[in-house]
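Read the structure below first, then the notes.
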Amino acid sequence: MTSPDNSPALSQRRQQEELPAELSSLLLPWFERHRRELPWREDKNPYHVWVSEIMLQQTRIETVKGYYRRFLERLPEVGALSEVPEEELLKLWEGLGYYSRAKNLQKAARLIVEQGGFPQTFEGWKQLPGVGEYTAGAVASLCFGERVPAVDGNVLRIAARLTGSRKNVLLPDVKRQFTARLKEILPDEAGAFNEAMMELGETVCLPGVPLCGDCPLRRVCTAFREGCPQELPVREKQQTRRREEKTVLLLQAGQRFAIEKRPEKGLLSGLYGFPCLEGTLTPNEAAVYLDGQGAPVLSVAPAGHRKHLFTHVQWEMEGVHAVLAEEWGAFVWAQPEEIEALYPLPTAFRGFQRLLKGFTGP
């Protein structure tokens with residue numbers, strides 16, 4: 001009796017989804033000719049590669065370039081990162097979003113310093129805060145030559161198209177299957193192979209409409225052969241975001257505005273922001289609320305609507321500009337230039353921040 005795991009139908013289906021054995025021989029020469037000059041490719045310093053990989057999570061390469069240079073100018077090595085005040089670290093990160101990445105970078109830096117140096121294996125890197133399998137694979141292969149894959153969304157997209165797989169690539173089991181199959185065909189130059197796969201996914205095998213005419217893998221690509229690259233990979237629908245309504249208070253006293261440090265836990269923890277109230281208040285309702293709290297309100301006016309999307313939450317924000325007779329409350333009061341230079345404000349508040357100089361006049 002044939003076991004289910006070794007059934008002919010299963011073997012045929014698995015064979016159909018195998019990655020082509022000649023993948024590296026086609027990909028690596030292409031990468032040598034087409035690799036972009038990027039600041040984190042100038043050397044194989046694990047600190048540089050690690051910082052760049054964390055920054056590149058959820059963020060475009062062109063955006064990261066400037067942040068990466070500024071970050072390394074201020075924090076050129078892991079010891080400096082371990083010691084920098086958190087507020088300054090978050091200011092360096094301002095605008096990149098997903099601020100937990102910066103906090104985990106510092107936690108990991110302190111462990112690295114405590115342990116006397118960088119981990120040199122995939123398993124060692126995985127033990128650090130904020131380092132998942134992809135980042136661990138990237139650093140271990142690029143910097144220490146370990147023969148291990150680095151599988152992110154780009155790589156999953158390429159693998160799904162090469163094999164013609166209709167499986168949902170967002171499922172952990174599917175990612176594990178593709179990771180195992182990539183490991184089977186990894187060349188000794190695993191770092192170069194991983195980097196080449198990243199490059200192909202970022203420049204040729206694009207989401208939506210790939211540039212198949214420029215692809216070195218098209219002759220071994222099932223999706224290209226069957227004319228369906230735009231249909232792959234299969235991804236389940238994104239989880240519906242929870243909608244939250246907020247009133248953002250732009251409190252002004254003279255030339256200064258009120259900001260406050262957000263709680264140490266929760267969304268945007270440890271950053272600064274404008275005072276927020278739950279729900280949507282009209283300017284008059286906000287004035288009544290502030291007056292009830294003892295604020296010396298002189299005038300109120302609407303300050304526009306802003307929307308900001310987080311991974312699972314959507315903020316709908318109504319701004320209210322309130323001019324006070326004097327500074328009030330347990331807030332930090334600062335001029336617009338000081339807020340810009342000294343306090344890390346998340347992107348969610350940037351639209352309101354840009355209004356401040358207009359309120360203070362020339």
Original post:
Which of PHE178, PHE122, PHE310 moves most in a GNM of the chain, Cα contacts under 10 Å?
Top reply: PHE310
Original post:
Between ARG35 and GLU244, what FRET efficiency follows from the Cβ-Cβ distance if R0 is 30 Å, with the result rounded to 0.05?
Top reply: 0.10
**OP:** Over the stretch 194-288, calculate the relative contact order: mean separation of alpha carbon pairs under 8 Å at least 6 apart, over the residue count, as a percent.
**Re:** 18 percent
Subject >> Note, ³J(HN,Hα) from phi for the stretch 65-73, Karplus 6.51, -1.76, 1.60, rounded to Hz, x at Gly and Pro >> reply: 3, x, 4, 4, 5, 5, 4, 6, 5
Subject >> Tilt relative to the chain, helix 172-185 - C-alpha long axis, 0 to 90 degrees, to 10 >> reply: 50 degrees
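ARG69 to ASP291: extension gain in nm, 0.36 nm per residue of separation minus the Cα-Cα distance?
Contour length minus Cα-Cα distance gives 75.2 nm.
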**OP:** Rounded to the nearest 0.05, what FRET efficiency do THR121 and LEU26 give with R0 = 25 Å and r taken as the Cβ-Cβ distance? Could you check?
**Re:** 0.30
Original post:
For the stretch 44-87 and the stretch 326-362, what is the separation of their Cα centres, given in Å?
Top reply: 26 Å
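Calculate, in nm to one decimal, what ARG176 and ASP214 gain on full extension: separation in residues at 0.36 nm each, minus their alpha carbon distance. Don't skip to the answer; put the middle values down first.
On the way: separation 38, 0.36 × 38 = 13.68 nm, distance 2.86 nm.
The span from ARG176 to ASP214 would gain 10.8 nm if fully extended.
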**OP:** Would you mind computing, in nm to one decimal, how far apart the modelled labels at GLU202 and ALA301 are, each placed 7 Å from Cα along Cα→Cβ?
**Re:** 4.5 nm
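In percent, what relative contact order does the chain have, based on Cα pairs under 8 Å that are 6 or more apart in sequence?
Working: 520 pairs, mean separation 56.0, N = 362.
It comes to 15 percent, rounded to a whole number.
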**OP:** Take the alpha-carbon centre of the stretch 109-170, take the same for the stretch 307-322, and report the distance between them in whole Å.
**Re:** 34 Å
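Determine the gain in length on full extension of the stretch GLN57-ILE185; use 0.36 nm per residue of separation and subtract their C-alpha separation, reporting nm with one decimal. Let's see the in-between values first.
On the way: separation 128, 0.36 × 128 = 46.08 nm, distance 2.56 nm.
Here the segment from GLN57 to ILE185 would lengthen by 43.5 nm.
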Original post:
Using the Karplus equation 6.51 cos²θ - 1.76 cosθ + 1.60 (θ = phi - 60°), what ³J(HN,Hα) coupling, rounded to whole Hz, does each residue of the stretch 76-90 give in order, writing x for Gly and Pro?
Top reply: x, 8, 5, x, 5, 5, 5, 9, 5, x, 4, 4, 5, 4, 5
Subject >> Protection proxy ranking, peptides 263-270, 99-106, average beta carbon neighbours within 10 Å, highest first >> reply: 99-106, 263-270
Original post:
If amide H atoms are built 1.01 Å from N in the plane of the peptide, which residues on other chains or at least 5 residues away come under 5 Å of the amide H of LEU232?
Top reply: none
Original post:
If packing is taken as the mean number of other Cβ atoms within 10 Å per residue, what is the order of 311-318, 123-130, highest first?
Top reply: 123-130, 311-318
Subject >> Ellipticity estimate at 222 nm from DSSP helix runs (n ≥ 4, -39,500 (n - 2.57)) divided over the chain, nearest 500 >> reply: -13000 deg cm²/dmol
**OP:** Of the DSSP beta bridges with both residues in the chain, give the percent that are antiparallel, rounding to the nearest 5.
**Re:** 60 percent
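All of the numbers you see were taken from the coordinates with simple rules; none came from a lab. All values derive from a computational prediction rather than experimental measurement. Here Cβ is always computed from backbone atoms with ideal geometry, including for glycine, and neighbour counts include all displayed protein chains.
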